[in-house]
Amino acid sequence: MDWNIYADYHNKNVIEQHYNYTGKLKQDRYKDGLKPEAITFLIICMLIVVENTIVLVAIWKNKKFHLPMYYLLGNLTLSDLLAGFTYMVNIIMSGPNTLNLTPLLWFLREGGVFITLAASVISLLAIAIERHITMVKMKPYHGTKRNRMFLLIGASWAVAVLLGVLPIIGWNCMHNLELCSTVLPLYAKSYVLFCVTVFIVILLAIVVLYGRIFHTVKRNTKRLGSIRRKGMARRSQKYMALLKTVTIVLGVFIVCWLPLFLLLLLDFVCQTRACPILFKADYFLGVAMINSLINPIIYTLTSKDMRKAIIKLLCQRCLITEDGQVKKIGVPFLECSLSKTETNIHRGFETTISSGNGTSSPIRINTNIKPVKL
């Protein structure tokens, strides 16, 4: 990197120059204190932190959750928690405080939010990969597979950090104002396009992986139905439970993130000051942040064991009956558990492989494999 850029990293005038060039200084948010919408986003961030902290404590306090798959769930929860915290810090340092930052602090402010949000999204991909390996490749995760979990967790954070620090190590527009993004005035448009492309690829990968899981579950359900007709209705219910959960996951992900992706794509193609909607990027980022608020619901409350642990942690006396049963909490569309579906797949399922002489040999899957709960 050019040493002149290192000097610029401590020059506060650079921030004002870039914001003035993109037209953002004309916005009122850089003149007064926190706006009402900023306060609303702060409240959402506090809810994200509290909600994900509760989930992490529930996982930590219950030994039944000290299993490999819950490491991925805990990683997703941690990334969402940090996303809420870093965005809260970002809001406090924004507005009129923005012009008091040095470029280095500005990169750290934006990079922190980006890294944690990226880690959250990539964690969704890591969970999809693990489910695919377990349900399609039929390689259950037990004690000997913990290295696979830690590899996925480490890789998710490594990729997120790498994406987040690229601008600070040189991929920016410090000396090329005409290449600057309007949404993020010190970031190069090419960098913004690269990141959006990466996230779209991640989304497509998640869709493909869950599509393969759908196909496998449906095929195995039909195969089991042809062998034992008596349980066909129940197996169909398990398949629909999986379909319902994954549809919620993908639907929420797309609804929350697609507006921001489209805005950043618009930022790449628009000329400077030509698209006023780019000055409203905070609202789009706020919608994306809601994904971190909803993730604990769709990834933990769909598990009855996790839901029971959280309810006990929050209000055991008012939500647990005298005989220890969990009362209904009034969220029927979340009343499904992937553990039942996966247990159904592992039990009694037969597959065939071709032997050297061209015949097929049935191989029965070990029915003692522990079901996956998520």
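Every read-out reported here was derived from the displayed coordinates using simple, explicitly stated rules and does not represent laboratory data. All figures in this text were calculated on a predicted structure; none of them were measured in a lab. Here the Cβ positions follow ideal geometry from the backbone for every residue, glycine too, while neighbour counts run over all protein chains shown.
Can you compute 3J(HN,Hα) from phi for each residue in region 188-196, using the Karplus curve 6.51 cos²θ - 1.76 cosθ + 1.60 with θ = phi - 60°, rounded to whole Hz and x for Gly and Pro?
6, 4, 5, 5, 4, 5, 4, 5, 4
Once R0 is set to 35 Å, what does the formula 1/(1 + (r/R0)^6) return for the Cβ-Cβ distance between E178 and R219, expressed as a FRET efficiency to the nearest 0.05? All intermediate terms of the calculation are to be shown ahead of the outcome.
On the way: r = 54 Å, r/R0 = 1.55.
Here the calculated transfer efficiency is 0.05.
What ranking, highest mean first, results for peptides 74-81, 122-129 when packing means the other Cβ atoms within 10 Å averaged over each residue? Don't jump to the answer; show the numbers that get you there.
Values: 74-81: 24.5, 122-129: 22.2.
Descending packing order for the listed peptides: 74-81, 122-129.
With the crude spin-label approximation of a point 7 Å out along Cα→Cβ, what separation in nm comes out for L104 versus L266?
3.6
Can you work out the Karplus-derived ³J(HN,Hα) for every residue in region 36-49? Use 6.51 cos²θ - 1.76 cosθ + 1.60 with θ = phi - 60°, whole Hz, and x for glycine or proline.
Working through the residues one at a time gives x, 5, 5, 5, 4, 5, 4, 5, 4, 5, 5, 5, 4, 5 Hz.
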